[in-house]
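Structure record follows, encoded as structure tokens.
The values are calculated or read from the model by the stated rules, or taken from the named source; none is laboratory data. Note that the structure is predicted; figures quoted are calculated from it, not measured. When we count neighbours, we look across all protein chains shown, and the Cβ atoms used for this are built from the backbone with ideal geometry, even at glycine. Surface accessibility is based on the protein's heavy atoms, side chains included, excluding ligands, DNA and RNA. Shrake-Rupley method; radii C 1.70, N 1.55, O 1.52, S 1.80 Å.
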Amino acid sequence: MQIALSSGIRNTLLTIQQTTRAANQSEQRLATGLKVNSAIDNPLAFFSAAGLRDRAGDLAGLQDSMQQATRTITAATNGIEGMKKLFETAQGLANQAAAEQDGAVRNTLQRQFNEVVRQVDDLMRNSGYGGVNLLNGGTLNVRFDASDTTASLALSVNGGTVLNAATLGVTTGAVGSWSNADTTVTGGNANIASALTSIRTAITTLRSEASRLGANNAIVTARQEFTSNMINTLQAGADDWTLADLNEEGAKLTSLNTRNQIAQTALALASQRDQSVLRLF
């Protein structure tokens, strides 16, 4: 048996159903903080936000590699600073030998000089980080954007060759070559002067390489900061597509609950009116 509803009751029931659905939607948004929880809610907003979050995730992964790149550059810079200090020590020994006339003392100073120069190479070999040693001919490749193959930096030191005492032009000499021989009175002085010249050139080269490393480190740091800002921008853009206004949703839920209560009252009144009509029969 089909039950017929009056127009007033049918309209009131429809209003209650619509109000209940809207209230449930507001409750879900308040619970999740999102106005778009799935593609069903709003396909354009959902997939636009997903695309922005995917790119933010890609950049976050690259940001970690940028941080490691700065560590590698810092390790190389520290290595250069250490090498420079050792060369300055060797320079001091050579200057001390130049002011000394005693051949035995000069020989002692030359042995110390040779040991310091050998330590330069040891320090260079210990200046790597994360498997990359820029001072030992290594190359550092840094990506700045996953979708742009040109947004990258390839960094090496000394043209990609080993940066050690020999390539810097500083070599050890046979002990005794700093002493003035009887046949060549000034031979030792000339050798010391040559060593001092090579050390000055090596220190100048190290300073130049340190400056270049510093400039590249500034580039990576700037890109790292830019990437952080870009990630925040992308996430904010994704949130613009999907985040709900909790104040608005709270006010809307209160209004819908009130409207639902009024509709319930209207339904009761409509039902009472129909019952009053039936009593006439």
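V142: surrounded by 14 or more Cβ atoms within 10 Å (Cβ to Cβ), outside any loop (DSSP other than H, G, I, E, B) and in contact with a Ser or Thr (Cβ under 8 Å, 6 or more places away or on another chain), yes or no? Before the answer, list the steps.
Details: surrounded by 14 or more Cβ atoms within 10 Å (Cβ to Cβ): yes; outside any loop (DSSP other than H, G, I, E, B): yes; in contact with a Ser or Thr (Cβ under 8 Å, 6 or more places away or on another chain): yes.
Yes.
So, in the range 217-228, how many residues would count as being within 11 Å of Q63 (Cβ to Cβ) and open to solvent by 60 Å² or more (accessible area, probe 1.4 Å)? Show your work before the answer.
Looking only at the range 217-228, we keep the residues that are within 11 Å of Q63 (Cβ to Cβ), and these are 220, 223-228.
The next check asks that each one be open to solvent by 60 Å² or more (accessible area, probe 1.4 Å); those that pass are 223, 225-226.
Total satisfying the criteria: 3.
Can you name the residue in the range 26-62 that is surrounded by fewer than 18 Cβ atoms within 10 Å (Cβ to Cβ) and of a type in the set (S, T, N, Q) and is also modelled with the lowest pLDDT among such residues?
T32
What are the residue pairs meeting all of these: first residue in the range 39-60, first residue under 30 Å from R223 (Cα atoms), second residue exposed (fewer than 14 other Cβ atoms within 10 Å of the Cβ) and at pLDDT below 85, Cβ atoms under 6 Å, and 6 or more apart or on different chains?
Pairs found: F46/A39.
Restricting attention to the range 145-170, report how many residues are under 29 Å from N114 (Cα atoms) and not in a loop (DSSP other than H, G, I, E, B).
Pass one, the range 145-170, residues under 29 Å from N114 (Cα atoms): 156-170.
Now narrow it down to the ones that are not in a loop (DSSP other than H, G, I, E, B): 158-160, 162.
The number of residues fulfilling the criteria is 4.
Give me a count of the residues in the range 122-135 that are crowded, with 17+ Cβ neighbours inside 10 Å and closer than 26 Å to G92 by Cα.
Let us first name the residues in the range 122-135 that are crowded, with 17+ Cβ neighbours inside 10 Å, namely 123-124, 127-129, 132-135.
Next cut, closer than 26 Å to G92 by Cα only: 123-124, 127, 135.
Selection size over the range 122-135: 4.
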